[in-house]
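So the structure is just underneath, and the comments pick up after that.
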Amino acid sequence: MGNAIKTTLLLGLMSGLLLVLGEYFGGSGGLVTAFGFAIVMNFVSYWFSDKIVLKMYRAQPVGPEHPLYQITARLAQRAGLPMPKVYVIPDPSPNAFATGRNPSHAAVAATEGILRLLDQRELEGVLAHELAHVKHRDILISSIAATLGAAIMMIARMAQYAAFFGGGRSDDREGGSNPIGMLATVILAPLAAMLIQAAISRSREFGADAGGADIAGTPYGLVDALRKLDTASKRIPMDANPATAHMFIIKPFSVSGMLSMFSTHPPTAARISALLGQS
């Protein structure tokens, strides 16, 4: 499926969730309000999702004097890509992501933690992975998913507070509120948003791993990086918004039990096996 179709599908599904929430909690008036909100969110998500995500993590731009910029520049030239903007995130947890709406408007961000953890060869593997996302044009759909997912979770949280304080939509037929239906909506809406993100993003990690190995010229830097990141990210989890978890090279926090069903990343061991299988 082409990325243009995926992006349209994502916008449609998440906009639909917004409309369902609006209609449930506000009736016809809420539906109209949610429709207007969905239009605004779609516009903002397409044009500004990268800036929103970078600001969310207080990412700071770096220039040609920074080693991260220098490595990215070499790899971008090797991949035949325009030079992306490069950012450092002030966070001790090791991780990285790429964002933007196309290769000409792309950005690569890495945490201070990953710069301390990895050597140059491993960091090259990580940055090559992120540039593969740029080359495959994954970054737009990833950024839009983050922005709309965050919006849906925010609305569901607001609805939860409304339910707690006795708000919510009245049931016209029974003349009272429907707390069970409200609770189900509050729980299911963010889970549905997470499922949409996971369904679209999990397979892309294998493609970016393979593409990154091609850009770097070897899979071994990324293999060693993934091993280190898998251990270190569990020891130092990132305080990340769940709606943006799919953007990172490795999930920024540990999940277990039922929540593992909604993981946006395939198991690290499976990714390493796939990389070693192509070496």
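Each reported figure results from applying straightforward, stated rules to the coordinates on display, with no laboratory input. Only a predicted model underlies this, so the values are computations on that prediction, with no experimental measurement involved. Cβ sites come from the backbone with ideal geometry, for glycine too, and all protein chains shown count toward neighbours.
Between Phe206 and Phe48, what length in nm is gained on full extension when 0.36 nm per residue of separation is reduced by their alpha carbon distance? List each step's numbers first, then the result.
Working: separation 158, 0.36 × 158 = 56.88 nm, distance 2.68 nm.
Contour length minus the Cα-Cα distance gives 54.2 nm.
By a straight-distance test (C-alpha under 21 Å), which lysines pair with Lys135 as possible cross-link partners, with residues fewer than eight away in the same chain excluded?
Lys135 reaches Lys6, Lys51, Lys85.
Neighbour counts of other C-beta atoms within 10 Å: give me Arg204, Arg121 arranged from fewest to most.
Fewest-to-most ranking of Arg204, Arg121: Arg121, Arg204.
If you rank Phe43, Phe35 by fewest surrounding Cβ atoms within 10 Å, what's the result?
Working: Phe43 10, Phe35 14.
Listing Phe43, Phe35 from fewest to most nearby Cβ atoms yields Phe43, Phe35.
Enumerate by residue number the GluC sites (Glu not before Pro) in the range 52-140 meeting two conditions: DSSP loop (anything except H, G, I, E, B), and at most 14 other Cβ atoms within 10 Å of the site's Cβ. If you can, show how the numbers build up before the last one.
Numbers: sites: Glu65, Glu112, Glu122, Glu124, Glu130; in loops: Glu65.
Filter output for the range 52-140: Glu65.
Tally Lys/Arg at +1 and Asp/Glu at -1 over every other residue whose Cβ is under 13 Å from the Cβ of Thr99; what's the total?
On the way: positive: Lys51, Lys55, Lys85, Arg101, Arg137; negative: Asp50, Glu130, Asp138.
Around Thr99, the surrounding residues sum to +2.
With θ set to phi - 60° and the Karplus curve 6.51 cos²θ - 1.76 cosθ + 1.60, what are the ³J(HN,Hα) couplings of the range 49-55 in order, to the nearest whole Hz, using x for Gly and Pro?
Calculated HN-Hα couplings, in order: 4, 5, 5, 5, 5, 4, 5 Hz.
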